[in-house]
Amino acid sequence: MNVTVLSGGIGGARFVAGLRDALAAGDEPARVTVIGNTADDIWLFGLRVCPDLDTVMYTLGGGIDADRGWGRQDETWHAKEELAAYGVEPSWFGLGDRDLATHVVRTQMLGAGYPLSQVTEALCDRWDLGVRLIPMTDDRVETHVVIDDAAAPEGRRAVHFQEYWVRLHAPVAHAVVPVGADEATPGPGVLEAITEADVVIFSPSNPVVSVATILAVPGTADAVRATTATVVGVSPIISGSPLRGMADRLLPVIGVDVTASAVGRYYGARSNGGLIDGWLVDESDGDTVPDLTATGIVARAVPLYLSDPDTSRTLAEDVLQLASSIRRYAE
């Protein structure tokens, strides 16, 4: 069985870890391909930083700081302290010493002419992920967010997503733009991973700055609509609040309410030209299932909180069961 997951950072990484474990315990051989969001990428201190790719890599490789959900475990911050002593900016984004090594290797390889997809494959060789991790594109795509700024000529300015989230702590936003996405091409293996899959999964990642940016690369959303795979998703919203991050700040910007049902309807049923066949919501949002069903989406309510490896694995099993039931019904 071939399973493809569209993933952002922390929530997606934890879900994929559970999926890997669930499939490993099954009787059927399985291959998992993770298409990682790269629109959060940023250049810092002359280094290419890929937060979502690295979070997936560290999580599945056993090197993540489990408490923070990002960065390396047993991290030290000497380089960050020295950069601050020199007055080097940006001071609001810190790279740990262990994490720094990953970015040095990536930047060296990119400088030598290797595309990001090959660089990512080389970095993952160290970690033994048990899945294949590929970037959504080898091209440069960066999410920018338009915010208020009284000093700007028109009272607004666009900032990189990392500045919006890390430095400014998600102020009111007026637009979210994946700069460069419309000119990008899907990374090597992306379209094949979707079209040749048995199941495609939208992980519980931010719909606006993680999943939507992957789908914004021309050809990717069309591949999802056309694939013979069953396409299912997991709500990143529980009882009107995001599992993690700032989805509640950005969903209204694209005209979507901060509810599990609204996000499911935003993706839309493939039977009506949308992107998904099935959608999982949390038990607390179970009353939205009829509303989703009426739109053509097969919906179920299950526990969604990813509090530990066991709950991640159980959620992955629920996703696979939903996909299997939809496929059996279609056949």
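Here the strands (runs of 3 or more DSSP E) wholly within region 116-168 that include at least 2 residues being within 30 Å of G62 (Cβ to Cβ) and touching a Cys at 6+ places or on another chain (Cβ under 9 Å) are 132-135.
Selection within region 262-279: residues that are touching a residue at least 60 places away in the same chain (Cβ under 8 Å) and not in a loop (DSSP other than H, G, I, E, B). The member of this set that is surrounded by the fewest Cβ atoms within 10 Å (Cβ to Cβ) is Y267.
Within region 300-311, at least one residue is more than 19 Å from V211 (Cα to Cα), in contact with a Phe, Trp or Tyr (Cβ under 7 Å, 6 or more places away or on another chain), surrounded by 15 or more Cβ atoms within 10 Å (Cβ to Cβ) and of a type in the set (S, T, N, Q). Assess whether R68 counts as being within 15 Å of D54 (Cα to Cα) and in a loop (DSSP other than H, G, I, E, B). Answer is yes for this residue.
Name the helices (runs of 4 or more DSSP H) wholly inside region 184-261 in which the number of residues that are hydroxyl-bearing (S, T, Y) is 3 or more.
Working: elements: 190-195, 212-216, 220-226, 247-250.
Ranges flagged: none.
The set of residues in region 132-156 that are surrounded by 21 or more Cβ atoms within 10 Å (Cβ to Cβ) and farther than 17 Å from L191 by Cα comprises V141, T143, V145. For region 273-280, the count of residues that are closer than 19 Å to A13 by Cα and at pLDDT 95 or above is at least one. Within region 280-296, being β-branched (V, I, T), assigned to a helix (DSSP H, G or I) and more than 16 Å from D318 (Cα to Cα) holds for T288, T293.
Is it fair to say T55 is outside any strand (DSSP E or B) and in contact with a Phe, Trp or Tyr (Cβ under 6 Å, 6 or more places away or on another chain)? Lay out the reasoning, then the answer.
On the way: outside any strand (DSSP E or B): yes; in contact with a Phe, Trp or Tyr (Cβ under 6 Å, 6 or more places away or on another chain): yes.
Yes, satisfied.
Residue count for region 173-198 satisfying the condition of being out of contact with any His (no Cβ under 6 Å at 6 or more places or on another chain) and free of Cβ contacts under 8 Å to residues at least 40 places away in the same chain: 4.
Looking across region 91-106, the residues that are buried (at least 16 other Cβ atoms within 10 Å of the Cβ) and either closer than 18 Å to G36 by Cα or acidic (D, E) (or both) come down to D99, T102, H103, R106.
The values are calculated or read from the model by the stated rules, or taken from the named source; none is laboratory data. None of these values were measured; they are calculated from a predicted model. So basically every Cβ, Gly included, is an ideal-geometry build from the backbone, and we count neighbours across all protein chains shown.
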